[in-house]
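Please read the structure below before turning to the comments.
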Amino acid sequence: MRVRRATRGDLDALVRLEAAFPGDRLSRASFARFIEGTSADVWVATARDDAGGEPGRDVVVGDAVVNYRRGFHAARLYSLVTDPAWQGRGVGRALMEAVEAHALERGLVSVRLEVRDDNARAIAFYRRLGYVDVGLTHDFYEDHSDALRMRKRLRADAAQLLAVPYHPQSLDFTCGPASLMMALRSLGHAEPLGQAEELALWREATTVFMLAGHGGTSAHGLAVAALRRGFAAEVWVDQAGPPFLDTVRSSEKKRVIELAHEGFVEALARLGGRVRVGDFGADDVVEQLRAGRVPLVLVSGARLYAERIPHWVVATGFDDDHLYVHDPHLPEGARRADGVHLPLRRADFAQVARYGRARHRALVVVWRPGGGRQTAGVSRGGARAPRAPLPGSG
Ligand SMILES: CC(C)(COP(=O)(O)OP(=O)(O)OC[C@H]1O[C@@H](n2cnc3c(N)ncnc32)[C@H](O)[C@@H]1OP(=O)(O)O)[C@@H](O)C(=O)NCCC(=O)NCCS
């Protein structure tokens with residue numbers, strides 16, 4: 001048996017194999033897109049045709065489709081299927097070995113997948129290959145059945161992850177509020193992760209204008225909202241002064257952004273929030289995580305989504321080479337699992353954590369006064385592990 005990349009010549013075989021797939025099947029057009037695009041790989045396993053047909057000819061006996069998400073360092077197994085006549089003969093294993101070996105070559109940290117929670121055979125297969133359960137997503141498939149989310153880490157250096165609940169932003173401009181909600185919730189804030197709180201935070205923290213649409217939220221605004229809820233917060237910026245001014249043209253809008261900013265600066269001082277002005281890097285973020293504090297990081301939408309927008313994510317953990325983040329923005333067609341603990345190379349931090357021509361850099365660090373680490377537990381190797389302080393962080 002051999003595993004190789006699929007070509008357009010395999011389309012007939014791929015579509016035929018899909019018949020063996022339970023539920024949501026991939027169309028010919030989707031396969032063609034995956035084969036030709038750069039955001040996915042399609043692998044096929046071929047073997048000598050030993051059951052009729054033309055003896056001695058290689059036929060496709062299984063396939064695996066893997067997606068990659070721009071900017072992040074995890075692979076997602078989108079589909080895996082072995083021809084029923086060939087199941088139990090090592091085809092699935094060989095395909096997964098190719099998927100994982102290639103993911104490692106790309107420097108990726110993990111492979112994630114979703115599998116129907118009633119597909120006992122596939123679940124047993126993935127467990128056998130070292131995949132562990134990371135959660136259940138309700139109503140995942142077309143027929144409303146649930147999906148078990150599984151993941152395998154490809155590297156030995158286990159990540160240290162904070163237990164941060166996930167909340168996707170419900171509007172284009174609420175990445176900041178959604179990120180802050182996740183951070184505060186992980187620190188013990190009782191407010192439910194709903195749209196009402198998201199809007200309340202946005203109204204408190206928005207710069208009013210940004211680009212052509214509604215204003216997003218600034219580091220200063222988010223820090224004020226955290227302080228008002230009884231949390232400690234610090235703003236880290238590389239330059240003093242109002243952010244995002246160069247995203248709007250009219251002087252009237254610029255003036256409004258300045259006024260909003262002045263209000264935040266005043267409120268921050270009144271509520272005891274600190275502002276640090278100076279450059280910072282991935283190591284600083286890691287240091288804050290080690291102390292049980294939760295950093296929100298301003299990142300470049302251009303780097304992650306090819307969209308020129310400033311964007312907030314929550315840092316949730318680290319390993320030797322990566323920072324992990326919850327990203328509140330789910331691209332079209334993505335599911336919650338696509339937003340959780342996404343690895344970002346620490347070496348890329350300087351390019352990713354900045355916005356605009358001015359290369360503005362901003363962080364908001366939040367924690368519980370009197371010691372955030374008691375509540376924001378760091379676990380080794382998975383969000384589901386028991387909450388425990390990081391050894392050596394005290
Ligand atoms: C899941 C699937 C891809 C497995 O492929 P396969 O080619 O039959 O699996 P392999 O023969 O490579 O088996 C690999 C390992 O998993 C184990 N395994 C396979 N099926 C198993 C089962 N039902 N229970 C326990 N272990 C199982 C095998 O024993 C083998 O372990 P080993 O190599 O140490 O002996 C295949 O059953 C399939 O195509 N199912 C239909 C489509 C599907 O459900 N896809 C997954 C959706 S996410």
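The values are calculated or read from the model by the stated rules, or taken from the named source; none is laboratory data. Note that the coordinates shown come from a computational prediction; the quantities given were computed from them, not determined experimentally. When we count neighbours, we look across all protein chains shown, and the Cβ atoms used for this are built from the backbone with ideal geometry, even at glycine. To get the accessible areas, we keep the full protein, side chains included, count just its heavy atoms, and leave off ligands, DNA and RNA. Shrake-Rupley method; radii C 1.70, N 1.55, O 1.52, S 1.80 Å.
Laid out as a table, the results:
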{"read-out": "Overall dimensions of the stretch 63-114 by Cα: Rg and Dmax, Å", "value": "11.7, 39"}
{"read-out": "Within the accessible area of the chain (1.4 Å probe), percent carbon and sulfur", "value": "49 percent"}
{"read-out": "Relative counts (whole %) of C-alpha pair distances in the stretch 2-155, using bins that are 10 Å wide", "value": "11, 41, 38, 10, 1"}
{"read-out": "For the stretch 301-335 and the stretch 200-259, distance of Cα centres in Å", "value": "20 Å"}
{"read-out": "Net dipole in debye of the stretch 3-145 [+1 Lys, Arg Cβ; -1 Asp, Glu Cβ; about Cα centre; nearest 20]", "value": "400 debye"}
{"read-out": "Gained length - residue 283 relative to residue 101, 0.36 nm times residue gap less alpha-carbon distance", "value": "62.7 nm"}
{"read-out": "Cα long-axis angle, helix 91-105 against the chain (0 to 90 degrees, to the nearest 10)", "value": "40 degrees"}
{"read-out": "Mean projection area, nm², convex hull over Cα of the chain", "value": "20.2 nm²"}
{"read-out": "Volume of the Cα convex hull of the stretch 273-324, divided per residue and given in Å³", "value": "104 Å³"}
{"read-out": "Shape category assigned to the stretch 83-141 from the gyration tensor of Cα positions, a/c cut at 1.5", "value": "oblate"}
{"read-out": "Most mobile of 295, 242, 22 in a GNM of the chain (Cα contacts under 10 Å)", "value": "22"}
{"read-out": "Cα gyration tensor shape for the stretch 162-380, rounded if a/c is under 1.5, else prolate or oblate", "value": "rounded"}
